[in-house]
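Remarks on the structure that follows.
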């Protein structure tokens, strides 16, 4: 998979934008980055697209900006010359795909049926757009197509929103989703970039789904841990589950049988997608202890942040 597409996968959501005036490009890009989505697919549906891509790419080099609704090789060249890092098209035009691949442009062409996917495979692609996603059969259609084409992955766009986003992203053959609900045209027209930033942050929070999983409490020894677990069971009827190094009291407390990580203990925060969460939290300035990674069956299940928070170490866990 191309490195740019891999980064879009970590971001998880690609805002799809149609700008009528290039003056909105800079404040919109700033709102997306501050809201936590450093990506944009600027569609070539408007005359302002090329200039908007140029402004975004020059002002915000950290933004993964691409061009959407690219219908011709000439448009692809214009988009890449303006600074686009990837190309998206609504359908699968072999001429456009070959042109982009020959020039080294990452391209995600649109597909909606198995025949399209087979053409994409023949052209050497391993990621395609699925468009219009909801109208073309939604997640059920993607799952049906993914079954025989085991190496192909999808970027659904069209009808994706906060309500169905997680349903799509939970399927492991989906790289990311394109959507426009956080960049509504009326907000852009009104210059409400603060509103766009807030909707963007809500979209990221919905995707990552952070929630408290449990608090780890450090005890001096196994006897003290057992005593506290018995107390919590008597007090709140939290069932006791004894493990090798700790005792769980219900699901909210992990009582350590000896001094564990953190002065007081640790806090576990669960997330829908741990790899994406790491990416987004690093963008927010937080670091992780790579040596603390817990891998099970080839997948990351937990990782600690660097540092301590109020006397507690903190780690992410995969839901």
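Just a few scattered comments:
- Residue within the range 19-32 that is closer than 29 Å to residue 151 by Cβ and assigned by TED's automatic domain parsing to the domain that holds residue 180 present: no
- Residue selected from the range 176-198 under the condition within 19 Å of residue 19 (Cα to Cα) and part of a loop (DSSP other than H, G, I, E, B), by the criterion farthest from the chain's Cα centre (by Cα): 190
- Residue among 136, 76, 147 that alone is free of Cβ contacts under 8 Å to residues at least 60 places away in the same chain, crowded, with 21+ Cβ neighbours inside 10 Å and either within 26 Å of residue 18 (Cβ to Cβ) or within 25 Å of the chain's Cα centre (by Cα) (or both): 76
- Residues being without any contact (Cβ under 8 Å) to a residue 60 or more places away in the chain and within 12 Å of the chain's Cα centre (by Cα) - total across the range 248-277: 1
- Count of the range 89-112 residues, restricted to those that are surrounded by fewer than 19 Cβ atoms within 10 Å (Cβ to Cβ), in a helix (DSSP H, G or I) and within 27 Å of the chain's Cα centre (by Cα), is 1.
- Filtered by the rule that a residue be part of a loop (DSSP other than H, G, I, E, B) and buried (at least 24 other Cβ atoms within 10 Å of the Cβ), the range 31-43 gives a lone residue, 37.
- Matching option when the condition is surrounded by 13 or more Cβ atoms within 10 Å (Cβ to Cβ), in contact (Cβ under 8 Å) with a residue 12 or more places away in the chain, more than 38 Å from the chain's Cα centre (by Cα) and on the phi < 0 side of the Ramachandran plot, among 233, 202: 233
- Flag if residue 225 is surrounded by 14 or more Cβ atoms within 10 Å (Cβ to Cβ), part of a helix (DSSP H, G or I) and assigned by TED's automatic domain parsing to the domain that holds residue 25: no
- Test: residue in the range 161-175 that is touching a strand residue (DSSP E or B) at 6+ places or on another chain (Cβ under 8 Å), surrounded by fewer than 15 Cβ atoms within 10 Å (Cβ to Cβ) and in a loop (DSSP other than H, G, I, E, B): yes
- Restricted to the range 242-299, and to residues there that are touching a helix residue (DSSP H, G or I) at 6+ places or on another chain (Cβ under 7 Å) and either at pLDDT below 95 or not in a strand (DSSP E or B) (or both), the residue that is surrounded by the fewest Cβ atoms within 10 Å (Cβ to Cβ) is 275.
- Every listed requirement among (1) over 23 Å from residue 276 (Cα atoms); (2) under 25 Å from the mean Cα position of the chain (by Cα); (3) crowded, with 19+ Cβ neighbours inside 10 Å is met by residue 59 save one, (3).
The values are calculated or read from the model by the stated rules, or taken from the named source; none is laboratory data. Just so it is clear, the structure is predicted and the values come from calculations on it, not from any experiment. Neighbour counts are summed over all protein chains in view; Cβ atoms, including those assigned to glycine, are modelled from backbone coordinates with ideal geometry.
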